[in-house]
Amino acid sequence: MSNIHNLVRRFIRFIYVRSTSKLVNKLILLFASIIILVVVSITFISYKMIETESVNNDISSNKSNLRLVNKNLANYYTEIKQFSLPGLRYADLMSAIENESDDYMAQLYIEDYLRSLFYARQDVEHVYLYLVNASKYYYITRENPTVKVNYDGESKIPEEDWFKKTIESAEYDYIQSLLSSEEDTTGYAIDTERSFMGYHRTHRTLIDREPQAVVSLFFSQENHNEIIRDIPRTERESLIFLNANDVPFYVSDDQIFEKQLGSDFYALANAEGTDGLFEWSEGDERYLVISDLEETANWQLIKSIPYDQIYESAETSRNVSIGIGLIFLLVSLVLVSLTSNAITKPLIHLSRKMNRVSLGNFDVEAEVRGRDEISLLSRQFNEMVVRTNDLINERYKMKLVEKSAILKALEAEINPHFLYNALQAISTKSLKSGEQEIAEMVDALALTLRYCISGQDRVRLSDEMKHIENYLVIQKARFGARLHVNYDWNDEISALEIPKLSIQTLVENSIKHGLEKVSTTVTIDIQARLEDEYAIISVIDDGPGIFPEQLDTIMSSLDVEWEDWKGESIGLKNLHTRLRLIYGNEAGIQISTDEAGTAMSIRIPKEGKRMNV
């Protein structure tokens, strides 16, 4: 601090000697004195307060962070609980479990149920379904993703602690930690290096509530650790995550955890009145322990921080603050001197620029420095010159750019859902059919992708129909005999130019809102005809139709501006907007529906001419 005081005295002496009757020097002396007083006062006060403030900030920050992460962890376990519920399939599942021994279809249903659980989440390592009355279990694992059946000959699994707790649970479920030596047995061939937790749920009959089966899900730590990584932590800090019974589900440091088990650590953590903050000592090491207790399920997240590390951080922050204050003082003094000397120069330059504009020269620009009134005046002068120079054609050019940008953005929209379904269909066919069908599907997919990424914005109707045929080859592989397609168009309008992927958008909606919602066969008719001065392209299906309220919502959203649009039918909205941008307001989409199906049509000028822009 003595060096700072000496530096300040020398600077004041220099200012005093150089000061004269000039206004600029008086300003320098005044501003410099104010800055020195403010900076030195703030630095001195912060020097006294920063240690306590830094510790309080660390505690507050850690508390908030633990609270947020603990809530996310609790949501993770709640999500797993909801995930395990069969929902509307419960009656079918219980029927399959009861008839499993002599009904092959029931066995297939159970296998499908296990596969649906296994593939629904990437962090599921093992899925087991123990049949209580049959003393056997179905299972599927990452090492062997095929459903298998094992018999529990000596009925060992019902003797497991987790099994009894699951059966006795009032909520029919139980979460088992595989990190605890007291609960790490499962009765199954589980690799505890890959799975850290098991979730078990009892399936009971609807009438007498007798347990019929117990489904067990074993999870990897991938998603769990991803949530915990949101807690900033050094090597010396430790973190544990416990349930309401103090059973650990995450331990960052096994050595510190062992020391905590053999001490009064848990008694302090669960003591009343601590408000999630207490001290714990291990030998010569003192820790500040911060914990957060989740209110619903009493999950507890505890972080231990060495005291010397906390004060080390506070000391570092204090030194940085002093250094920043010194740098700020020096820079401020230099800036005050330069600003005071140059305060009148911008006014002179601005006056010269204004004189050139008064003579009719608009190719001028005033230099803008700082954020004071002079810089504001210079900036407004520059804006006035630019607006005057561009006033004639500004609005016209902006509209052209806006329409072009919207059109390109809409044309660049490609639905990844189709690619996913296509690849899924190919994968299914590769397991069930020969190489010829796979080759046909791959060829159709290649042609479809090539067509989608081509640079054309409009294509002939015949080319679009060929693309639809390739597209439907893949969809027929997906839906099989449930999908029938009829084509009705002639060569008279084969050369008609239409927006690329326009018919596909209508077909996709028929599949999504018609075929996917029923289990029966659906026929799609694709028609193209001329009516007066317009070409009408229709896609008609005999699916379940669209509810009148939903149809009104879709039709009303087609003409809404994009910034106000909040609907879900983005494909129809995109196509309708493209048609209006290309052909004008007379073009667009028409939709009619009833209980017999849905008809969606595109209306465009029969010559396919682009509107004048």
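Only the coordinates and a few stated rules stand behind these numbers; no lab work does. Being a predicted model, the structure only gives us computed values, none of them experimental. Every residue, glycine among them, receives a Cβ derived from its backbone with ideal geometry; neighbour counts consider all protein chains shown.
See the values below:
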{"read-out": "Estimated inter-spin distance, D161 and L551, nm [label 7 Å along Cα→Cβ]", "value": "6.3"}
{"read-out": "Hypothetical label at N223: residues of the range 70-85 whose amide nitrogen lies under 13 Å (7 Å Cα-Cβ projection)", "value": "73-85"}
{"read-out": "Amide N proximity, the range 199-220 versus A91 label position 7 Å along Cα-to-Cβ, cut-off under 13 Å", "value": "206-207"}
{"read-out": "Gained length - E295 relative to E595, 0.36 nm times residue gap less alpha-carbon distance", "value": "103.0 nm"}
{"read-out": "Cα shape, the range 42-86, gyration tensor, a/c 1.5 rule", "value": "prolate"}
{"read-out": "Nearest-0.05 FRET efficiency for S116 and K606, computed from C-beta distance (R0 56 Å)", "value": "0.65"}
{"read-out": "Förster radius 45 Å - calculated FRET efficiency between S519 and D559, Cβ distance, rounded to 0.05", "value": "0.80"}
{"read-out": "Cut-off 20 Å (backbone N to label point 7 Å along Cα→Cβ of D308), residues of the range 217-234", "value": "233-234"}
{"read-out": "Cα→Cβ-extended label distance, 7 Å offset, between N319 and K512, nm", "value": "6.0"}
{"read-out": "Sites R482 and D246 - FRET efficiency at Förster radius 60 Å, r taken between beta-carbons, to 0.05", "value": "0.65"}
{"read-out": "Hz values of 3J(HN,Hα) by residue in the range 497-505 - Karplus curve (6.51, -1.76, 1.60), Gly and Pro given as x", "value": "8, 9, x, 5, 6, 5, 5, 4, 4"}
{"read-out": "Out-of-range pairs (alpha-carbon distance over 29 Å; input K466/K517; K71/K136; K466/K512; K63/K164; K81/K156)", "value": "K71/K136; K63/K164"}
{"read-out": "Sorted by Cβ density within 10 Å, fewest first, the residues V459, V40", "value": "V40, V459"}
